[in-house]
Amino acid sequence: MTTRIGLFGGTFDPVHIGHLRSALEVAEQLELDELRLIPGARPPHRGAPQVSARQRLEMVKLAVENVEYLRVDDIEFRRERPSYTIETLEVLRREMGPHVQLLLMLGWDAFCGLPGWHRWNELLDHCHILVLQRPDADSEPPQELCDLIAARTQPDPQALSGPAGQITYIWQTPLAVSATQIRGLLAAGKSVRYLVPDAVMIYIEKHGLYRATT
């Protein structure tokens, strides 16, 4: 049997039930050996997160503790420069060897923005791309991405072959939860119970994270 490992990167500022439910659904539906959540230490595509990279990493570790299939990989904390996905994939491929099947999870909006990523056209050399589809997705991919979709799409995610090179899609339970919403609630002194795991909520409260500054 081929080893299948999912990869789910993000700032996780903070990690919430939407992230975790997506990860668990993919791991179970595709019968992955494991799914790694990869917090970005220095995200190059957005402004600096509100809390430190180490605090975001710690919250993700708390969120998946003792959860079957889900693991945390701190690979992007081993570099003292921006965390580019292509470089992370290159390192993981070297570590795992040429035969492990790597599945990079991307939301639809992130997928449509791929042409703006560093060395984006090399991603499929190292992994398959698993696009998380939602009923409310309405953006259209740019033409250069449409060409790639036409050439590399495998309609059935269960039928991905080889260690890398294909694009497939999986439907997701839509959960209207966002890190922006959670940060706003915390800044306003509101509860985020049931939007984040209890262990994450306790960590946020203990360290006074995301509070409004005066």
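Every number here is computed from the coordinates shown, using simple stated rules; none is lab data. The model shown is predicted, which means the values in this text are computed figures rather than measured ones. Glycine gets a Cβ as well: all are built from the backbone with ideal geometry, and neighbour counts include every protein chain shown.
Between Ala179, Ala151, Ala110, the GNM of the chain built on Cα springs shorter than 10 angstrom shows Ala151 fluctuating the most. Per-residue ellipticity at 222 nm from helix content only, as computed over the chain with -39500 (n - 2.57) for each DSSP H run of at least four residues, stands at -10000 deg cm²/dmol. Footprinting exposure proxy ranking of Cys127, Cys146, Cys112, fewest other C-beta atoms within 10 angstrom first, gives Cys146, Cys112, Cys127. When Rg and the Kirkwood Rh are both derived from Cα coordinates, the Rg/Rh ratio for region 101-154 amounts to 0.93.
Relative to the longest principal axis of the Cα atoms of the chain, the long axis of helix 17-29 makes an angle of roughly 30 degrees. Whole-Hz Karplus values for region 177-185 come out as 10, 9, 5, 4, 4, 5, 4, x, 4 Hz, taken residue by residue from phi with 6.51 cos²θ - 1.76 cosθ + 1.60 and θ = phi - 60°; glycine and proline positions read x.
The phi-based Karplus calculation (6.51 cos²θ - 1.76 cosθ + 1.60; θ = phi - 60°) puts the 3J(HN,Hα) values of region 143-159 at 4, 5, 7, 4, 4, 5, 4, 4, 7, 10, 6, 10, x, 9, x, 6, 9 Hz, whole numbers, x for Gly and Pro. The longest part of the chain holding none of the exposed loop GluC sites (Glu not before Pro), meaning those outside H, G, I, E and B in DSSP with at most 14 other Cβ atoms within 10 Å, is 81-214. Amide H contacts of Gly10 (H built 1.01 Å from N, in plane; Pro and chain starts excluded): Ile38, Gly40 sit under 5 Å, all sequence-distant by 5 or more or on other chains.
Scanning residues 5 or more positions from Tyr169 or on other chains, those with amide H under 5 Å from its amide H are Val131, with H placed 1.01 Å from N in the peptide plane.
When +1 charges are put on Lys and Arg Cβ atoms and -1 charges on Asp and Glu Cβ atoms, the dipole computed for the chain relative to its Cα centre reaches about 840 debye. Given their separation in residues at 0.36 nm each and the Cα-Cα distance between them, Ser191 and Arg134 gain 17.8 nm when the chain is fully extended. The three principal axes of the C-alpha atoms in region 131-214 carry coordinate ranges of 52, 26, 21 Å, sorted with the longest axis first.
In this label model, Lys206 and Asn121 are separated by 4.8 nm, measuring between points 7 Å along each Cα→Cβ vector.
Given H placed on each backbone N at 1.01 Å, which residues far from Val72 in sequence or on other chains put an amide H within less than 5 Å of it? Amide H neighbours of Val72: Leu37. Estimated translational diffusion coefficient (Stokes-Einstein, Kirkwood radius over Cα pairs, 25 °C, 0.890 mPa s) of region 1-61: 196 µm² per second. Diagonalising the gyration tensor over the Cα atoms of the chain and scaling each eigenvalue by 5 before taking the square root yields semi-axes of 29, 18, 18 Å, largest first.
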